[in-house]
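In what follows, a single structure is set out as structure tokens and then discussed.
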Amino acid sequence: MTTWTLRRRPGRTLGFLLLVVLSFLVLRRLDWSTLIPLWLRHRKLGLQAKGQNFMLEDSIFWIFGGSIHYFRVPKEYWRDRLLKMKACGLNTLTTYVPWNLHEPERGKFDFSGNLDLEAFVLLAAEIGLWVILRPGPYICSEVDLGGLPSWLLQDSGMKLRTTYKGFTEAVDLYFDHLMSRVVPLQYKHGGPVIAVQVENEYGSYNKDPAYMPYIKKALEDRGIIELLLTSDNKDGLQKGVVHGVLATINLQSQQELQLLSTFLFSVQGIQPKMVMEYWTGWFDSWGGPHNILDSSDYDAVLTEAGDYTAKYSKLRDFFGSVSGIPLPPPPDLLPKMSYEPVTPSYYLSLWDALKYMEEPIKSEKPINMENLPVNNGNGQAFGYILYETTISSSGILSGLVCDRGQVFVNSVSIGFLDYQTMKIIIPRIQGYTVLRILVENRGRVNYGNNIDNQRKGLIGNLYLDNSPLKNFRIYSLDMKKSFFQRFDMDKWSTVPEAPAFPAFFLGGLSVGLSPADTFLKLEGWEKGVVFINGQNLGRYWNIGPQETLYLPGAWLDKGINQVIIFEETMAGPLVQSTDIPHLGRNQYIN
């Protein structure tokens with residue numbers, strides 16, 4: 001077979017060069033604007049701040065926005081939630097982008113399935129919504145470490161949200177990948193993204209004056225050409241303003257609105273005023289009250305299951321009165337179902353499960369979760385971690401445990417170490433004894449000045465009578481899907497009359513031909529985590545206030561669904577299913 005090259009065909013080379021020259025002469029006279037598709041020709045100016053108004057191209061544009069976070073809603077329900085937003089009279093979707101979920105390991109990106117940002121944004125466009133994107137890198141959003149990856153904390157000198165080299169190098173790599181996906185979604189390229197937020201509430205952090213200009217440039221250098229915004233609450237607005245970026249505000253009350261509007265005028269003159277976050281809900285704390293207020297002031301628009309609240313009706317009436325056109329009808333509610341209770345049939349104690357896991361990590365001193373040599377060198381992000389060592393005497397055990405550690409002598413629980421209880425008495429023992437501490441990561445702080453110190457597990461030395469203990473065996477219990485795949489059915493036994501704890505319990509949830517949403521209630525159980533078909537459904541704890549866990553029907557299969565409960569201290573007889581939530585988590589639209 002003959003291989004053609006320029007060197008062998010000089011005549012063709014000359015012809016090719018003449019064609020290039022001719023093409024250049026023709027294109028010089030060509031009106032390039034005729035090559036732009038008709039539907040793109042009017043998209044030149046985008047969203048602008050002109051005087052006191054927003055303008056989209058040459059028309060005044062009112063932003064009626066709401067937040068739906070794609071990573072918090074099953075992908076199968078995205079359309080339902082966005083249609084409900086549209087039917088409420090809103091015209092703009094805002095969403096965060098969680099770095100920690102999209103880059104779980106350094107340089108390894110995941111935009112698949114429930115993390116398919118592009119599919120979510122394009123679906124919003126299909127439904128008729130504009131999009132304001134909030135890509136961080138820090139997003140707060142009541143997520144672990146404000147959406148920053150935990151592997152950043154492997155660096156003992158890490159300074160998050162600053163121009164510290166270790167942080168900016170990681171941001172640059174992430175933005176290189178993320179913005180290559182975002183750029184085509186912008187308005188001027190034919191997409192629905194009309195504005196992009198620069199970081200999130202940095203004014204209340206404000207540790208590095210060079211940081212926000214760096215983030216602004218990082219966005220622009222990678223092709224972000226739409227309107228840029230900042231977003232700050234009353235504590236940070238004064239220090240959060242960035243040159244060339246429109247400042248917006250986050251607030252809860254009409255009183256704050258007046259004060260912050262006055263301040264905005266003083267720092268950026270006559271510009272359109274925008275509330276990026278009008279807080280419609282608030283988070284609960286374990287053991288505290290359930291936060292709920294009157295719908296005329298402060299509550300959610302949709303429940304976690306996508307059901308309408310009184311707030312939805314009031315907002316729809318309001319937006320309908322100002323829209324000038326009839327609103328689309330609200331979609332029907334998704335069906336709910338009460339299934340037969342799940343009675344666990346099989347059992348595996350944690351101590352028995354250890355022999356089916358990978359060899360423990362051996363270390364002279366404790367290693368925190370983020371620095372464990374697991375997950376291709378990226379440490380452990382979530383779950384539990386078990387420390388074992390050998391002791392030969394009783395005494396006072398002390399150390400910094402983040403966040404909650406259950407202490408065992410051999411397999412007998414003797415109490416807990418946490419932020420309030422930092423010492424515990426080891427009772428009299430005979431000979432060499434195994435000391436175990438099962439530490440739960442209950443989530444890294446997402447807001448405030450302490451985010452650099454959110455490492456989990458045993459932090460520093462563990463002391464017995466002020467002498468540091470040594471020679472630890474450490475088990476990573478991340479409880480991801482792959483974690484459970486090692487427990488074949490032959491590893492499980494029937495549930496004994498007096499189970500040893502902590503332990504895993506296995507049962508089946510029977511579902512008919514049409515899986516529907518439900519809520520699981522663990523009455524009689526004390527504290528642990530529920531997994532459905534390997535999917536982490538969430539924590540439960542009998543101190544409340546949450547009493548049920550929302551289980552989307554999209555996560556269920558026809559037939560028998562695997563239910564695994566990891567219980568720390570006391571198991572109930574069964575797991576109930578109900579079609580009515582009891583103090584469930586709210587999924588809110590701002």
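Simple spin-label estimate for TYR463 and ASP418 gives 2.3 nm between the two label positions (7 Å along the Cα-to-Cβ direction from each Cα). Taking 25 Å as the straight-line reach from the Cα of LYS314, the lysines in range (excluding those fewer than 8 positions away in the same chain) are LYS84, LYS86, LYS273, LYS336. Each helix, a run of at least 4 DSSP H residues, gives -39500 (n - 2.57); summed and divided by the residues of the chain, these come to -6000 deg cm²/dmol at 222 nm.
Can you give the extra length, in nm with one decimal, that the chain gains between ASN410 and TYR432 once fully stretched, where that is 0.36 nm per residue apart less the Cα-Cα distance?
6.9 nm
Only Cα pairs under 8 Å and 6+ residues apart enter the sum, and on that basis the relative contact order of the chain stands at 14 percent.
For region 33-112, a crude dipole built from +1 on the beta carbon of Lys and Arg and -1 on the beta carbon of Asp and Glu, taken about the Cα centre, is about 120 debye to the nearest 20. With all protein chains kept in place, the per residue accessible area of the chain amounts to 47 square angstrom at a probe of 1.4 angstrom. Straight-line cross-link partners of LYS470 among the lysines, defined as a Cα under 23 Å from its Cα and at least 8 positions apart when in the same chain: LYS355, LYS362, LYS365, LYS423, LYS456. For region 42-90 versus region 178-232, the spacing of their alpha-carbon centroids is 17 Å. A simple charge model with +1 on the Cβ of Lys and Arg, -1 on the Cβ of Asp and Glu and nothing else charged puts the dipole of region 303-374 at about 300 debye relative to its Cα centre. Highest mean packing first, where packing is the average number of other Cβ atoms within 10 Å per residue, the peptides 528-541, 413-426 line up as 528-541, 413-426. Modelled spin labels at TYR356 and SER338, positioned 7 Å past Cα toward Cβ, are 3.4 nm from each other. A Förster radius of 41 Å, combined with the Cβ-Cβ distance separating TRP279 from GLN485, puts the computed FRET efficiency at roughly 0.50.
Excluding ASN449 itself, what net charge comes from residues whose Cβ is under 15 Å from its Cβ, given Lys and Arg +1 and Asp and Glu -1? So the environment of ASN449 carries a net charge of +1. Ordering PHE487, TYR463, TYR138 by the projection of their Cα atoms onto the charge dipole of the chain, which places +1 on the Cβ of Lys and Arg and -1 on the Cβ of Asp and Glu, puts TYR138 at the extreme positive end. Note on PHE265 and HIS243: with the Förster distance fixed at 22 Å, the Cβ-Cβ geometry gives a FRET efficiency of about 0.80. With a simple spin-label model that places each label point 7 Å from the Cα along the Cα-to-Cβ direction, the separation between SER59 and LYS470 comes to 7.5 nm. Look at [x] 25.6; [y] 29.0; [z] 36.8: the one that is mean projected area of the Cα convex hull in nm² derived from this structure is [z]. Look at the dipole of region 519-574 built from charges on Cβ: of GLY553, ILE543, ILE532, the Cα furthest out on the positive end belongs to GLY553. Surface composition of the chain: carbon plus sulfur atoms hold 55% of the accessible area, using a 1.4 angstrom probe and ignoring ligands, DNA and RNA. Computed over region 72-136, relative contact order equals 48 percent, with contacts defined as Cα pairs under 8 Å that lie 6+ residues apart. Between ILE127 and ASN291, what's the calculated FRET efficiency when r is the beta-carbon distance and R0 is 25 Å? Round to 0.05. Computed FRET efficiency for ILE127 and ASN291: 0.20.
Taking Lys and Arg as +1 and Asp and Glu as -1, the other residues whose beta-carbon sits under 14 Å from that of GLY395 total +1.
Under a model in which nothing but the beta-carbon of Lys, Arg (+1) and Asp, Glu (-1) is charged, the chain shows a dipole of about 2180 debye around its Cα centre. Please list, or write none, the lysines whose alpha carbon is within less than 23 Å of the alpha carbon of LYS207, excluding same-chain residues fewer than 8 places away. LYS207 reaches LYS159, LYS165, LYS216, LYS217, LYS234, LYS239. Taking 0.36 nm per residue of separation and subtracting the current Cα-Cα distance, fully stretching the chain between GLN255 and VAL322 would add 21.8 nm.
The angle between the Cα long axis of helix 310-323 and the longest principal axis of the Cα atoms of the chain comes to about 0 degrees, rounded to the nearest 10.
Amide H to amide H, with H built 1.01 Å from N, LEU551 comes under 5 Å of THR518, PHE519, LEU520, counting only residues 5 or more places away or on other chains. Farthest toward the positive end of the dipole of the chain, out of LEU257, VAL301, TRP151, is the Cα of TRP151, where the dipole comes from beta carbon charges about the Cα centre. Extension gain for ASN450-GLU76 works out to 131.0 nm (0.36 nm per residue, less the C-alpha to C-alpha distance).
The values are calculated or read from the model by the stated rules, or taken from the named source; none is laboratory data. What you see is a predicted model; the values in this text were computed from it and never measured. Every residue, glycine as well, gets a Cβ built from its backbone with ideal geometry; the counts of neighbours run over all protein chains shown. Remember, those area values only see protein heavy atoms, side chains included, never the ligands or the DNA or RNA. Shrake-Rupley method; radii C 1.70, N 1.55, O 1.52, S 1.80 Å.
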